[in-house]
Amino acid sequence: MEYTEMETQIHAMDISCPPPEEEPARQYYFIKKVRQHICQKEQEKGRKLTCHIKTFGCQMNARDSEKILGILTVMGYEESDTEQADLVLYNTCTVRENANLKVYGRLGQLKKFKERNPEMLTILCGCMMQEPDVISRIKKSYRNVDIIFGTHNIFKLAELLAMRLFEPDAKRMIIDIWKDTTEIVEELPNARKYSFKGGVNIMFGCNNFCSYCIVPYVRGRERSREPEDIVEEIRSMVQDGVVEIMLLGQNVNSYGKTLEHPITFAELLRQVEEIPGLQRIRFMTSHPKDLSDELIEVMGQSDKICKHLHLPLQSGSSRLLKIMNRHYTKEDYLELVDKIRSKNPDISLTTDIIVGFPGETEEDFAETLDVVERVGYDSAFTFIYSKRTGTPAASMEEQVPEEVVKERFDRLLDKVQVLAAERAGQAVGTVENVLVEEVNGQDTTLMTGRTEKNYVVHFPGDESLIGQIIPVKICESKGFYYIGESIGDSK
Ligand code: 5AD
Ligand code: SF4
């Protein structure tokens, strides 16, 4: 929906009546109510009210935070980069334990800010909030929190805020966590961090239940958006100047299975490819077990789908992969990589690897190193196994001692970095098309962009290039980024 169309609908809401039942009209009603309140507060304080969103975790959360900012902005908040704002929201992650610890640490600090600004609102949402133990701890130790919601009901933010602000009987802390739902509410206010690239959710949740992973418990069952809604969203992004999109899902390869009229991910890609003006398509994440020949074919033929595939390995040991519930063996994975490279020889491959899964032996770990060597990843995210309560792996015996895990982790990182640097070096002297993203943070005479293979490149240039895809000569490789020089007109 056009922004102005939504504004008209918000404007037309009669907030002296009870709120409508249906979505998104119900949220427009609450947006209007909160907006009036914020206007009043602005007059009282003689300044705009500010909001600060801190996002932890993955691309899905980053996208959710954009939607949240969209709702807050439409209500009248101005984004601020400090946590001493009128409204502070943490969009949390819980994939690994240390993400949770960070949130508790910061919440303690927020208490002090609230003492200085008693009207300050503290809001928590995201994956960590879907865990009952977390909610009990916050209720007990962090009474400064005003609103908590989860991963399924982001669209209700305006309603929850209205409840907190206008219902005197409402409890001090409003908690609204949905266990699971198939509901996907479209057409809400929506902000985007970049004007030239953006993430697009194509599905939510995960049905895979890898035995170490908490995501299926906190993000719920897999559900796909209708292809028409996805294509329409991208079309309108392209009209607004977007040239690159990233299709987002926990396992994009199983896209479409739950739709009333099922379609495959490859079919969706074909539809997206046809959108005029769109230049680059990325997607993540792909589960190796569901990566079809059809998708490999489409990727090989397309000149819009970027030559980059993120293909989480997790472990190179077939024995551990079975216990992890991954549904592929080491050999299956290597065969798949061969197949992908036979259609797309130049593709960049990246991965996720977990070190120290319960029962991991030196032999298992050697298998992981072997796959890393044979595949030659362009980069890899390496993680130390983190025990997540409620997952099958948490109650497995034989948790690996910390010092053993640490030593293996360092060895893996070394290998990954050496091999990645070798691969990166191969591009030196070539010309790559680079999407120019921003002025370099350290040296403002440089611009920073990304190649099709998702490598970062810094090169001399000016701000006018932002949002363009231009040819850049790769002069030097620094291992995980390049130094280059622009060689001419934009594509
Ligand atoms: N411990 C460590 N890493 C994990 N991941 C998921 N769960 C855990 C865990 N319990 C990693 C996986 C996944 C990535 C997003 O996070 O490698 O692909
Ligand atoms: Fe977690 Fe596995 Fe689902 Fe990825 S596919 S989110 S690792 S359960």
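Residue-wise test of (1) assigned to a loop (DSSP other than H, G, I, E, B); (2) within 16 Å of ligand 2 (Cβ to nearest atom).
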| position | (1), (2) |
| --- | --- |
| Val134 | no, no |
| Thr151 | yes, yes |
| Glu159 | no, no |
| Leu165 | no, no |
| Trp178 | yes, no |
| Glu186 | yes, no |
| Cys206 | yes, yes |
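Any idea which residue in the stretch 280-324 is surrounded by the most Cβ atoms within 10 Å (Cβ to Cβ), counting only those that are within 16 Å of ligand 1 (Cβ to nearest atom), of a type in the set (A, V, I, L, M, F, W, C) and part of a strand (DSSP E or B)?
Phe283
Yes/no matrix, rows are residues, columns are (1) more than 29 Å from Glu452 (Cβ to Cβ); (2) of a type in the set (A, V, I, L, M, F, W, C); (3) touching a residue at least 40 places away in the same chain (Cβ under 8 Å):
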| site | (1), (2), (3) |
| --- | --- |
| Thr368 | no, no, yes |
| Glu373 | no, no, yes |
| Gly376 | no, no, yes |
| Ala380 | no, yes, yes |
| Ser386 | yes, no, yes |
| Thr389 | yes, no, yes |
| Ala393 | yes, yes, yes |
| Val400 | yes, yes, yes |
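Those residues that are under 25 Å from Asn433 (Cβ atoms) and more than 16 Å from ligand 1 (Cβ to nearest atom), I need them from the stretch 244-274; list them, please.
Glu244, Ile245, Leu247, Phe265, Ala266, Leu268, Leu269, Arg270, Gln271, Val272, Glu273, Glu274
For the stretch 369-423, which positions are hydroxyl-bearing (Ser, Thr, Tyr), away from ligand 1 (no atom under 12 Å from the Cβ) and buried (at least 16 other Cβ atoms within 10 Å of the Cβ)?
Selection gives Tyr377, Ser379.
Residue-wise test of (1) assigned to a loop (DSSP other than H, G, I, E, B); (2) within 25 Å of Leu336 (Cα to Cα).
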residue: Phe365; (1), (2): no, yes
residue: Leu369; (1), (2): no, yes
residue: Val400; (1), (2): yes, no
residue: Val405; (1), (2): no, no
residue: Gly429; (1), (2): yes, no
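Would you be able to tell me the number of residues in the stretch 424-477 that are aromatic (Phe, Trp, Tyr) and closer than 24 Å to Tyr377 by Cα?
1
What are the residues in the stretch 209-266 that are among the acidic types (Asp, Glu) and closer than 24 Å to Leu313 by Cα, if any?
Residue satisfying the conditions is Glu222 alone.
When you scan the stretch 325-363, how many residues do you find that are assigned to a loop (DSSP other than H, G, I, E, B) and either under 28 Å from Tyr455 (Cβ atoms) or within 16 Å of ligand 1 (Cβ to nearest atom) (or both)?
13
With the requirement that a residue be part of a loop (DSSP other than H, G, I, E, B) and under 27 Å from the mean Cα position of the chain (by Cα), what does the stretch 115-132 give you?
Glu131
Here are some residues: Ile68, Ile31, Ile15, Ile53. Which one is more than 18 Å from the chain's Cα centre (by Cα) and surrounded by 18 or more Cβ atoms within 10 Å (Cβ to Cβ)?
Residue meeting the stated conditions: Ile31.
Any idea which of (1) modelled with pLDDT under 90; (2) crowded, with 21+ Cβ neighbours inside 10 Å; (3) within 16 Å of ligand 2 (Cβ to nearest atom) is the one Cys213 doesn't satisfy?
Evaluating Cys213 over (1) modelled with pLDDT under 90; (2) crowded, with 21+ Cβ neighbours inside 10 Å; (3) within 16 Å of ligand 2 (Cβ to nearest atom) leaves (1) as the failure.
The values are calculated or read from the model by the stated rules, or taken from the named source; none is laboratory data. No experiment lies behind these values; they were computed from the predicted model shown. Backbone-built Cβ (ideal geometry, glycine too); neighbour counts: all protein chains shown.
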